[in-house]
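For reference, the structure is listed below as structure tokens.
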Amino acid sequence: QVQLEESGGGLVQAGGSLRLSCAASGGTFTSLALAWFRQAPGKERDFVASITWGGGDTFDSDYVRGRFTISRDNDKKTLYLQMNNLKPEDTAVYYCAADRMRIGKQADSYEYWGQGTQVTVSS
């Protein structure tokens, strides 16, 4: 069973930066495709970015492209999301997700989920 734990959220002013981390345990990290999703109050869980098993390919959504960067450190078994030039509309709970077999932009592509970390961007 894979466990995921996010950290690094907080309150930041518009234009600021945060780096989210997601530590994995309970499985072989390199066997996992990984992703970040976010969910604002009253809205659906939206895809942010994903990264392949070895880290060679990344995919991101239009609304974060050029501002957010997903990466992974397979030695540390940790997934990251560097978020720059944050905007109030980025306010949400951010979740990391993992799956051994699938990668995609749909939440149901991923079997394992963390509990989430709150990111709040003030204007």
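Points to keep in mind about this one:
- All strands (runs of 3 or more DSSP E) inside region 1-75 with 2 or more residues being at pLDDT 95 or above, open to solvent by 40 Å² or more (accessible area, probe 1.4 Å) and at negative phi: 3-7, 10-13, 18-25, 68-73
- Filter result for Ala35 (within 17 Å of Met101 (Cα to Cα) and among the hydrophobic types (A, V, I, L, M, F, W, C)): yes
- Residues (hydrophobic (A, V, I, L, M, F, W, C), in contact with a strand residue (DSSP E or B) (Cβ under 6 Å, 6 or more places away or on another chain) and farther than 18 Å from Asp60 by Cβ) located in region 1-31: Val2, Leu4, Leu11, Val12, Ala14, Ala23, Ala24
The values are calculated or read from the model by the stated rules, or taken from the named source; none is laboratory data. Please read these numbers as outputs of a predicted model, since none were measured by experiment. Here the Cβ is made from the backbone with ideal geometry for all residues, glycine too, and neighbour counts use every protein chain on show. Ligands, DNA and RNA are stripped out before the accessible areas are found, and what is left, the full protein with its side chains, is counted by its heavy atoms. Shrake-Rupley method; radii C 1.70, N 1.55, O 1.52, S 1.80 Å.
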